[in-house]
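The structure appears below as structure tokens.
The values are calculated or read from the model by the stated rules, or taken from the named source; none is laboratory data. This is a predicted model, so every value here is computed, not measured. We place every Cβ from the backbone using ideal geometry, glycine too, and count neighbours over all the protein chains shown. Ligands, DNA and RNA are stripped out before the accessible areas are found, and what is left, the full protein with its side chains, is counted by its heavy atoms. Shrake-Rupley method; radii C 1.70, N 1.55, O 1.52, S 1.80 Å.
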Amino acid sequence: MIGEHKTDFAGFPVHDWQPGQSLPDKALPRLILDYDNDGKWSDLLAELLQAPGAAQLDGLVVGNWQGSQFGTSAEQVVEALVVAGEKLPGLKVLFIGDITYEENELSWIEQTDISPLFAAFPNLEWLGVRGGNGLVLGAPRHEKLKGLVIETGGMPGAVFQSVVQAQLPQLEHLELWLGEENYGGEVAATDLKPLLNGDLFPNLKYLGLRNSEIQNEIAQALHGAPVLKKIRVLDLSLGTLTDKGAQALLDDAAITKLEKLDLHHHFCSDEMMEKLKALPCEVDVSEQEAGDQDGAETYRYVAHGE
């Protein structure tokens, strides 16, 4: 998934864009600063804003912004986007950090305070960000945001707390990659209680608690959680789910009311997979993984850590 750039986001196809090209029709342009480029990502954005049709763009994907300045944060990106807000009045979709492993490891991506974006783009409906280092959400408040995606190899506790304190009345899709403690993950299953109570986001349809090394604990915390009676899709993929966590899901009747249960990249047994596939909803149990054995110890890893 992170081995390649996004081909789509929020229902839109994504295409690379370079100065001099026409803007893609009904697609999101992706701006990438090549490694041998000693310029600034903001210069790419400035050229895009001069292209015919820029003011009508539905969205934008921010790729690698570092160029030859490896290790720089996304601060310049956010600053440039905020300044450009008035020139992109209809922007509905924004993803910051479409960076592959080849360009930079997930845990090395240097993010920044993205909170100014909520005010800069009042028509924003989808916001995605990759990378947890330095990421700050502040106190998110937005009347139109329907989708929030935060991809990390380890989610800082402060980022998660910003999410559960956010005022996003239209939010339908919440996707959080919680990651591993070794890569900055600080979210425990007990921290999920405010989210699982089901009152924070009344319109929530999709809940993704993905890429977590505590996937079993999350599955157990979900047992009996009111949020299960409200959502249509539960996504616990990319993590370390085993039979223990899967059984906790099966023991809750609310699971049968889902439209989809996504568990791909898991560590469940063949027998448990058959039980899960027998559920009356769509179930994805692809990418069965085997833990690494070291004597009596079994080590299991999330799909995207470092």
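Some notes on this structure:
- In this structure, VAL61 does satisfy being without any contact (Cβ under 8 Å) to a residue 60 or more places away in the chain and buried (at least 19 other Cβ atoms within 10 Å of the Cβ).
- When residues in segment 1-51 are screened for being touching a Lys or Arg at 6+ places or on another chain (Cβ under 6 Å) and within 22 Å of HIS264 (Cβ to Cβ), 1 of them pass.
- For first residues located in segment 280-306 and more than 18 Å from LEU261 (Cβ to Cβ) and open to solvent by less than 30 Å² (accessible area, probe 1.4 Å), partners that are of a type in the set (D, E, K, R) and in a loop (DSSP other than H, G, I, E, B) and lie 6+ apart or on another chain with Cβ distances below 7 Å form the pairs GLY291/ARG300; VAL302/GLU180; VAL302/GLU213; GLY305/GLU180.
- Filter pass, ASP284 being closer than 18 Å to ALA189 by Cα and at pLDDT 95 or above: no
- First in segment 100-114 and touching a residue at least 12 places away in the same chain (Cβ under 8 Å) and charged (D, E, K, R), second anywhere and open to solvent by less than 70 Å² (accessible area, probe 1.4 Å) and not in a loop (DSSP other than H, G, I, E, B), Cβ under 6 Å, 6 or more apart: GLU110/ASN133; ASP113/VAL136
- Any hit, segment 28-41, residues being without any contact (Cβ under 8 Å) to a residue 24 or more places away in the chain, hydroxyl-bearing (Ser, Thr, Tyr) and open to solvent by 20 Å² or more (accessible area, probe 1.4 Å): no
- Residue within segment 260-279 that is farther than 16 Å from VAL163 by Cβ, modelled with pLDDT of 95 or more, of a type in the set (S, T, N, Q) and exposed (fewer than 15 other Cβ atoms within 10 Å of the Cβ) present: yes
Okay, residues lined up against (1) out of contact with any His (no Cβ under 8 Å at 6 or more places or on another chain); (2) modelled with pLDDT under 95; (3) farther than 21 Å from GLY90 by Cβ:
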position: LEU127; (1), (2), (3): yes, no, no
position: ARG130; (1), (2), (3): yes, no, yes
position: LEU135; (1), (2), (3): yes, no, yes
position: HIS142; (1), (2), (3): yes, no, no
position: LEU145; (1), (2), (3): yes, no, no
position: LEU148; (1), (2), (3): no, no, no
position: GLN161; (1), (2), (3): yes, no, yes
position: VAL164; (1), (2), (3): yes, no, yes
position: LEU168; (1), (2), (3): no, no, no
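- Those residues of segment 171-212 which are acidic (Asp, Glu), touching a strand residue (DSSP E or B) at 6+ places or on another chain (Cβ under 8 Å) and within 16 Å of GLN161 (Cα to Cα), in sequence order: GLU175, GLU186
- Residue within segment 278-291 that is more than 19 Å from GLU175 (Cβ to Cβ) and among the hydroxyl-bearing types (Ser, Thr, Tyr) present: no
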